[in-house]
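Before any comments, here is the structure.
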Amino acid sequence: MPLVTSKEMLWAALEGHFAVGAFNANNMEQVQAIIDAAVEEHAPVILQVSQGAIRYAGLNFAAAMVKAAAADADVPVVLHLDHGTDFAQNVRCLRAGFTSLMYDGSKEPFEVNVANTRRIVEIADIVGIPVEAELGRVLQATDGATEEEIEAAKTDPAQAREFVERTGCSSLAVAIGSVHAMKTAEAELDIERLKKLRAAVNIPFVLHGSSGVKEESEVEAIQYGICKINVATMLNQAFTRGLLEAIQEDPENVDPRKWLIKSREAVKEVVRHKIRLFGSSGKVTASGFVSPKTVHRGVHIGGTEE
Ligand code: G3H
Ligand code: ZN
């Protein structure tokens with residue numbers, strides 16, 4: 001089916017106490033893995049590309065890949081810009097057919113973040129595209145974030161209320177203890193902070209940096225209004241692990257498809273696991289969308305016709 005926007009999907013998640021998985025993709029195999037898992041799990045899904053992914057794949061190419069994969073899927077798919085720190089990149093993505101944007105002004109002073117977010121919201125609203133914003137800041141593990149820095153960067157509930165009122169953003173990325181790009185899941189979310197945020201603001205919340213968060217903490221956070229959970233590092237780990245194992249199994253092979261099939265399968269299984277954990281498995285049927293189908297892709301390799 002054609003791409004859908006994230007707005008109704010995230011409100012359905014908020015009301016239904018589940019979260020939609022927002023999975024980052026950089027290449028064709030990752031796009032296919034994510035969509036295939038969502039189709040087989042009958043789950044709505046958000047496929048997101050970062051500015052780095054756009055630099056890697058090219059904007060039009062990345063958008064075209066996701067649109068093509070979504071067209072063949074019987075589940076609703078959103079194409080979302082992840083961490084659009086560049087105002088102009090948000091506009092370019094709007095033109096390229098993205099159905100959900102993120103303006104990330106979390107490194108900017110509050111007033112600049114408000115003004116830039118508001119500006120993007122006004123533009124995107126003209127064509128009915130929702131905008132995610134970030135307040136507080138989800139730090140990067142690669143920057144060596146300390147406990148004190150993580151605490152200081154958390155989202156303030158009163159400021160969040162003012163921010164949402166002034167910007168009109170559709171969803172809000174909240175900093176509640178996660179850190180981007182952690183390689184093991186050891187962080188616990190600040191659920192008390194999340195409860196206060198939920199009491200102050202009534203729009204869907206987004207969890208960033210989920211690869212480093214304990215799964216029981218993710219599940220608890222969903223009960224307090226986390227409706228979109230971003231997953232990136234964990235997928236890259238699976239992709240690379242699948243590739244390395246495949247190369248080790250057959251180092252004489254020269255057909256990259258035989259290796260990349262393993263990468264794709266490894267990513268798909270992580271996506272499937274997360275979809276189930278987030279409670280979005282089976283939600284497509286419940287939402288009245290058409291019946292899903294099973295995807296069998298890349299099973300047969302070899303022979304002249306391929
Ligand atoms: O925006 C992307 C996410 O926040 C992903 O975080 O790489 O820690 O899974 P992660
Ligand atoms: Zn993020």
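The values are calculated or read from the model by the stated rules, or taken from the named source; none is laboratory data. Keep in mind the model is a prediction, meaning the values are calculated, not measured. Ideal geometry is used to build each Cβ from the backbone, glycine not excepted, and the neighbour counts take in all protein chains shown.
A search for C-beta distances below 6 Å between a residue of region 185-214 that is closer than 21 Å to L139 by Cα and any residue that is more than 8 Å from ligand 1 (Cβ to nearest atom) and acidic (D, E), counting only pairs 6+ apart in sequence or on different chains, returns I191/E220; V206/E132; K214/E188.
Among the residues of region 203-216, is any farther than 21 Å from A160 by Cα, within 16 Å of ligand 2 (Cβ to nearest atom) and surrounded by fewer than 20 Cβ atoms within 10 Å (Cβ to Cβ)? Checking region 203-216: at least one residue is farther than 21 Å from A160 by Cα, within 16 Å of ligand 2 (Cβ to nearest atom) and surrounded by fewer than 20 Cβ atoms within 10 Å (Cβ to Cβ).
With respect to the conditions (1) within 15 Å of ligand 1 (Cβ to nearest atom); (2) in contact (Cβ under 8 Å) with a residue 60 or more places away in the chain; (3) out of contact with any strand residue (DSSP E or B) (no Cβ under 9 Å at 6 or more places or on another chain), A173 falls short on a single one, namely (3).
Evaluation of V290 against the conditions (1) among the aliphatic types (A, V, I, L, M); (2) under 22 Å from G177 (Cβ atoms); (3) at pLDDT below 95 shows that the sole unmet condition is (2). Checked against (1) surrounded by fewer than 24 Cβ atoms within 10 Å (Cβ to Cβ); (2) assigned to a loop (DSSP other than H, G, I, E, B); (3) in contact (Cβ under 8 Å) with a residue 24 or more places away in the chain, E108 passes all but a single condition, namely (3).
Residue count for region 218-232 under the criterion of being away from ligand 2 (no atom under 11 Å from the Cβ) and touching a Lys or Arg at 6+ places or on another chain (Cβ under 8 Å): the result is 2.
If we scan region 172-181, do we find a residue that is over 18 Å from the mean Cα position of the chain (by Cα) and among the small types (G, A, S)? Scanning region 172-181, I find no residue that is over 18 Å from the mean Cα position of the chain (by Cα) and among the small types (G, A, S), so the answer is no.
A residue that is modelled with pLDDT of 95 or more, among the acidic types (D, E) and either touching a helix residue (DSSP H, G or I) at 6+ places or on another chain (Cβ under 7 Å) or not in a helix (DSSP H, G or I) (or both) cannot be found anywhere in region 3-23. Screening region 64-114 for residues that are touching a Cys at 6+ places or on another chain (Cβ under 8 Å) and closer than 29 Å to H42 by Cβ and picking the one that is farthest from ligand 1 (Cβ to nearest atom) gives L101.
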